[in-house]
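The values are calculated or read from the model by the stated rules, or taken from the named source; none is laboratory data. Quick caveat, the model's predicted, so the values are computed rather than measured. Glycine also receives a Cβ, built like all others from the backbone with ideal geometry; neighbour counts cover every protein chain displayed. The protein model used for the area step is the full one, side chains on, heavy atoms only, and it has no ligands, DNA or RNA in it. Shrake-Rupley method; radii C 1.70, N 1.55, O 1.52, S 1.80 Å.
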Amino acid sequence: MPDPRALNGSLLQLSTPADILAFASEHASALNSVNCATALHRLAKQGATASAAFAPLVARTASVLRSDARHVTARSLTSIAWASAKLQLDDAGLWAAVSASAASLLPSLDAYALANVAWALATVRRVAPEADGALLEALAEAALARLGEFKPQELCNLLWAFATLKRRHRALFEAASAAAARFCGAGFTAQGLSQTVWAFAKLGLAKHALLVAAAAAAKPRA
């Protein structure tokens, strides 16, 4: 059985999506979660387009998330979720495994991971069934506990994800409105500012202080 570290080194040397997919297919049974994360992340960064050639890698990724949970880290899960969403891999088995893994790793997910998992779920435009509703509730509660750790882009991604999935978590948005208002003056990019205000509007949540801060920040950029 090939050493996972050696496999990862080989993956990092491959320069085209076709080579990465061929390598992943050839060594699928030996890939661990880090190897799958590396392959998917490189494919996403290279702008690969999802196709039938992804099937062995997608199947192996779902398998290791389900069967090798003890060795899945917050970092590898986050990378898998981000890359799978970026690649628009609309595979039910893969996303069920991502959701289950996120739920089990919840205590170890930092602000970056929480925002990216939520963003990934929203980016694939899933109409969340009850299981995903429970996961989003858990992500919101975890985010509330770590709200002070969120950077502007992470907060924007989190709020955008909940608004996109039409999940109005009042406690999260109530607490986040104060943090978002602070970021309006310095922190948010123009896109981050607009997406954050959009998230509150999408869910019908009017926060006067946030709107005033957003208007003041937008005026000199107009």
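A few points about this structure:
- Residue check for L144: more than 19 Å from L193 (Cα to Cα) and open to solvent by less than 10 Å² (accessible area, probe 1.4 Å): no
- If you go through region 175-187 and keep only what is at pLDDT below 85 and more than 9 Å from A214 (Cα to Cα), you end up with A186, G187.
- Near pairs, Cβ below 9 angstrom, 6+ apart or cross-chain, from region 119-137 (within 12 Å of S99 (Cα to Cα)) to any residue that is modelled with pLDDT under 75 and among the basic types (K, R): D132/R126
- Whichever residue in region 1-51 is in a helix (DSSP H, G or I) and of a type in the set (D, E, K, R) and, among such residues, is most open to solvent (accessible area, probe 1.4 Å): R5
- Residue under evaluation S25, criteria (1) over 19 Å from L121 (Cα atoms); (2) modelled with pLDDT under 95; (3) of a type in the set (S, T, Y), criterion not met: (2)
- The single residue among A113, A103, A122, A62 that is modelled with pLDDT of 95 or more, within 15 Å of the chain's Cα centre (by Cα) and either part of a helix (DSSP H, G or I) or not acidic (D, E) (or both) turns out to be A113.
- Listing of helices (runs of 4 or more DSSP H) fully contained in region 154-222 that carry 2 or more residues being in contact (Cβ under 8 Å) with a residue 24 or more places away in the chain, closer than 25 Å to V124 by Cα and open to solvent by less than 10 Å² (accessible area, probe 1.4 Å): 170-185, 190-202
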